[in-house]
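These notes concern the structure reproduced below.
Nothing in this text is a laboratory measurement; each read-out follows from the coordinates by a stated rule. Note that the structure is a prediction, hence the values are computed from the model and not measured. FYI the Cβ positions are ideal-geometry reconstructions off the backbone, even for glycines, and counts take in every protein chain you see.
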Amino acid sequence: MGTILRKAAETFPRRGMVILISDLLTERESLIKGLKLLRQRGHDVMVFHIMDDDELDFPFSGPTRFEGLELPEHLSCNPRALREGYMEALEEYLDEIRRGCANSACDYALIRTSAPLDAALATYLSNRLGMHHRN
Amino acid sequence: MSFIQSALTSWWIVVPLLSAPVIIHLINLLRHKKVKWAAMEFLLASQKRNRNYIRFKQLLLLLARMAALALILLLLAGLVLPDQWSKMFGGSKVHHVVLLDDSYSTQDRHDDGTVFDRGVEVVRNIVGQAAAQPTEQAFSLVRFSEAARRESDVQNNAISNPVDDAPEPTQPVDAVADDNQTSDTDASPAGGAPETETFRRRRVNDALLVELENSTKSFEPTNLPADPLEALKSIGHDLALGEDEKTVVYLVSDFRRNQWSNPDVLAQELARIRELGAEIHFVSTVDNRQANLAVTDLRPVPGVHAAGVPLEVEVEVTNFSSEPIRDLNLQLASQTNAADSRGEPQSYSLPAVAFDAIAPGQSLRKTFRVTFQTAGDHQVVARLDADALEVDNERYAVVRVLPEAPVLIVDGLVDSYAGKLLALALSPAQRVRTGLSPRIEAPSFLRENPLAGFQTIFLLNIRSLSDDEVRALNSYVAEGGGVVYFAGEDTSADFVNKQLYADGQGFFPAPLRAPVYLDTSSQAGPDLQVDLTHPIFAKTFGGSRNSFLNLVLIDRYFSVPAGWKAADDDNTQVIATVRGGAPLMIERKFGQGRAIAVLTTASPDWNNWGRGNPTFVITMLELQSYLSAGRSFDGQLAVGSPLRIDFAREMYDPRVAFTAPGRGAVRRTIEEKAIDSETESRLREARFTGTGRPGVYEALLTRIDGEEDVRRFAVNVATAEGDLEISSPSDLASSIDGVDFEYHRSAEFAGPSESQAGFNVSEDWRFFILLILLLIGEQLLAYSASFHPPLKGGSR
């Protein structure tokens, strides 16, 4: 993800608006660096963090085998036994993303896949417009 | 350590059961659903963080489940802990209580011996097996008869010895035969319960085994019809149970159906024993019912029992089997004893009584005639051929034959024709011997002499009697005597109504109004109409038309008040009427006796009955015979019943020698000292309790002048015990529904197993509490280990 953002900063030298829509399941440090680079180049950066409901709520029970989509690992477990640890790890991750965006002065919005994207964008843009008017 | 249900502890049950939680856990791991997952990073982080904790909880859960299953298995299998372990739980000693049926149905003989022998063998097995157990064992033996005797003693002491006037102890003083030949059963007090050494809470060891082996050699069944109730009652009362011991009760019996005739009471006792914490085992000593015939009754028909006069004896045979019996011959014999002598009796055979057929479960009665030429107590024995149960094949009766039977005729007129006519009717002539000895006396005789010796009293021409005379008559009837009152010219209705009837308080059957002439114009038919179903008329006149009765003409009779009717209490009945239905002969039961009022004259003054009509003599003889039944000597006792005699204290020595039948011809004499009668001050009472064997018993009284009187009594077995029908295990279970017991057949019962000899954890509620706690813990662990769905919905 960091490489992609760096390439985008180099590809678009003029100031503009960069909208990043992703699940952000990537290496956090390079992501934050990429976002900072975009900001240093004068881009207005908006991060739309898309996550599935299951990923946010982890509602599974019963013996389950989780097979990694982006990693080669798999895990057979009782998901209810791991849920508490999972949610803690997820919160830590989301906090880190939020903090990184804030430090980089990037707008950040976490959007559930269950929520309609247009409505989520409209809400976000409306909020953002309101903030500028107040400024 | 052992198990009651050891089959449940086989490896092919234990291993699969205990490994089930692990196998289910592994199967669940294989049966997981697959989910494609992007956020593996967080899952792996969580797993890395909690791996050890999760595995620990899963291991604990598996162990809890295996432990719960193991405990359920141990409880179902009935784990019995050995002594050293069971002490931790408060139980160590085992008390084996054997209740042994020794009622006379256990004399039932099979190929391998009697049913009682089988029961004794079961007792030996129980003690033998108990001795082989590693834990401390105790043993108690209660025989049915022993418990019944104890209960009977308690009741008798409560009734007869309320204070300190107990009789002196029994002392055998004069054994007329070799005592060594008699068994304990013969000499036992209170009827057949043997004086064997009792075993109460004895520690089971080798010494006890030897002692029991020796004692049981002399064990014999009794002749009593004892049931298990008293033996069951003794548990927890006479036989206290310890709190720190396990009690196993064995009911070793033939389980005859008649012993369980009152199952509710038995079930109550068994339930009580279960509540005391005892385990109950029924050990049946008989598998199949054998046929049995029994002589169930033998007694002289009430009437005149005088020397040289034929008397009737009634006998009953019962077929206690499932098949009809045909062409049966009952052997009869009699023994004659002189009235005042202990000399050797003379035996006579009597013609056998034939029974064509007796249906299963039915009884058949027959009467036969026998004449005893001498006065005295005579024995009659009825005997059947040998069968499975011998003791009820014989039955005894004692017939007290008098030289003559005295009858009192109280005549208000001196030397009246009526008195002579009646005396002639009762004792017609020397050649026609009735055995009766009529004696004509004036009314004053009633108050001046004892009346008890007279068979019957006839009252003629009585105008009035003094209060003492009326009182004597009332007492005589109330104590079993019979009175006949003839009306006549001298009869005063006022006297009869006030003194003899006394508003129903006296013996006289009905109030009188006045003498009337019979109206012969209004209705056709004979003047005298008798109730042909009544015993006085049934035997001679019943079932046939007797023209001589029709020839009786009644001219006058005493009427009863208009509207008078016999009471509905069955004590008063009209047994003969005149033409038109007015009462002529009225009977009343009064106390133990009866009175009959004949409302016309005995002499042919108001009728022509006594003038050459043969039915008059027959009716007077039958009347006398019927009324004397209340004073007939019975002399019948059941085995085990105490034999009581009373006698005038001024006439006899207080020592009474009782002679009891023994084995074979052996007889045994025991002396008892009489005590003052509680009911009558002039009498003494002697009591003999050793009536354990059926036969004829003698009581020898010595008069003050040195002469001896012998009184004889027949003692017979109770009849119901001869029914050998057995209760099946299902019958027993349904009759005592709700009481847990185990049923065994004696042939297959080897005694207590090791599993019954220790501390059975399945009988201790604490282990069930432990199981419940274990299951609750398992559920909490399972929830904690997230094996249960979340309390709120939303899981996938």
Relative to chain A, whose Cα atoms define the longest principal axis, helix A:117-134 and its Cα axis are tilted in degrees, nearest 10, by 40
Over its alpha-carbon atoms, segment B:487-545 yields an Rg and a Dmax in Å of 15.7, 40
Simple SL model, points at 7 angstrom along Cα→Cβ for B:Ser762 and B:Asp709; separation in nm is 6.8
The answer for A:Asp52, listing residues at least 5 apart or on another chain whose modeled amide H is closer than 5 Å to its amide H, is A:Thr113
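For a quick protection proxy, order the peptides B:502-513, B:585-596 by their average other-Cβ count within 10 Å, most packed first.
Working: B:502-513: 18.8, B:585-596: 21.7.
Top of the packing list down: B:585-596, B:502-513.
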Dividing the mean separation of Cα pairs under 8 Å (6+ apart) by the residue count of segment B:476-538 yields a relative contact order in percent of 17
Residues whose modelled amide H sits under 5 Å from the amide H of A:Gly62, counting only those 5 or more places away in sequence or on another chain, are A:Arg80
Summing +1 per Lys or Arg and -1 per Asp or Glu among the other residues with Cβ less than 15 Å from B:Pro729's Cβ gives -4
Along principal axes, largest first, the alpha-carbon spread of the protein assembly as shown in whole Å comes out as 173, 78, 57
Across 10 Å bins beginning at 0, the whole-percent shares of Cα-Cα pair distances in segment B:514-577 come to 17, 42, 36, 5
Scalar couplings 3J(HN,Hα) for segment B:351-368 by Karplus 6.51 cos²θ - 1.76 cosθ + 1.60 (θ = phi - 60°), nearest whole Hz, x for Gly and Pro, are x, 5, 9, 9, 10, 5, 7, 10, 6, x, x, 9, 10, 10, 10, 9, 10, 9
Dimensionless Rg/Rh of chain B, both radii on Cα and Rh by Kirkwood, sits at 1.19
Whole-Å distance linking the alpha carbon centroid of segment A:4-73 with that of segment B:682-710 is 125
Full extension between B:Leu780 and B:Leu76 adds, at 0.36 nm per residue less the Cα distance, a length in nm of 251.0 nm
Note, B:Ala45: beta-carbon cut-off 10 Å, +1 each Lys/Arg, -1 each Asp/Glu, net -1
Cross-link reach from B:Lys233 to lysines, straight Cα distance under 23 Å and at least 8 residues apart if same chain, gives B:Lys93, B:Lys246
dims of segment A:54-135, Cα set, principal axes, largest to smallest, nearest Å -> 52, 28, 23
Beyond 14 Å, the calculated P(r) of segment B:560-612 holds a percent of Cα-Cα pairs equal to 60
Partner lysines whose C-alpha sits under 27 Å from that of B:Lys498, ignoring same-chain residues fewer than 8 away, are B:Lys565, B:Lys589
Projected convex hull area of segment B:670-749, Cα atoms, direction-averaged, in nm², equals 10.8
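What number in nm² do you get for segment B:359-410 if you take the convex hull of its Cα atoms and divide its surface by four?
The number I arrive at for segment B:359-410 is 6.4 nm².
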The set of residues whose placed amide H lies less than 5 Å from the amide H of B:Leu724, leaving out same-chain residues fewer than 5 positions away, is none
A correct Kirkwood calculation over the Cα atoms of segment B:366-454 returns a hydrodynamic radius in Å of 16.5
A correct Karplus calculation of ³J(HN,Hα) over segment B:523-534, with 6.51 cos²θ - 1.76 cosθ + 1.60, θ = phi - 60°, whole Hz and x for Gly and Pro, returns 9, 7, x, x, 5, 9, 10, 9, 7, 6, 8, 6
Per the Cα gyration tensor, segment B:318-422 corresponds to an equivalent ellipsoid with semi-axes, largest first in Å, of 39, 21, 11
Per-residue average of other protein chain Cβ atoms inside 10 Å, peptide A:86-98 -> 3
Expressed in angstrom and rounded, the centroid-to-centroid distance over alpha carbons for segment B:423-459 and segment B:93-117 is 56
Shape descriptors of segment B:258-402 over alpha-carbon atoms, Rg and Dmax in angstrom, are 21.0, 67
Cross-link reach from B:Lys34 to aspartates and glutamates, straight Cα distance under 20 Å and at least 8 residues apart if same chain, gives A:Asp52, A:Asp53, A:Asp54, A:Glu55, A:Asp57, A:Glu67, A:Glu70, A:Glu73
Of the DSSP H helices in chain B, the ones reaching 18 Å or more along their long axis in Cα terms and averaging at least 1.6 in Kyte-Doolittle hydropathy are B:11-30, B:765-784
Taking every other residue with Cβ under 13 Å from the Cβ of B:Thr367 and scoring Lys and Arg +1, Asp and Glu -1, one gets +1
Pseudo-spin-label distance B:Ser677 to B:Gln268, built 7 Å along Cα→Cβ, given in nm, is 3.7
Largest first and rounded to whole Å, the semi-axes √(5λ) derived from the alpha carbon gyration tensor of segment B:417-550 read 27, 22, 15
Shape descriptors of segment B:458-505 over alpha-carbon atoms, Rg and Dmax in angstrom, are 10.4, 30
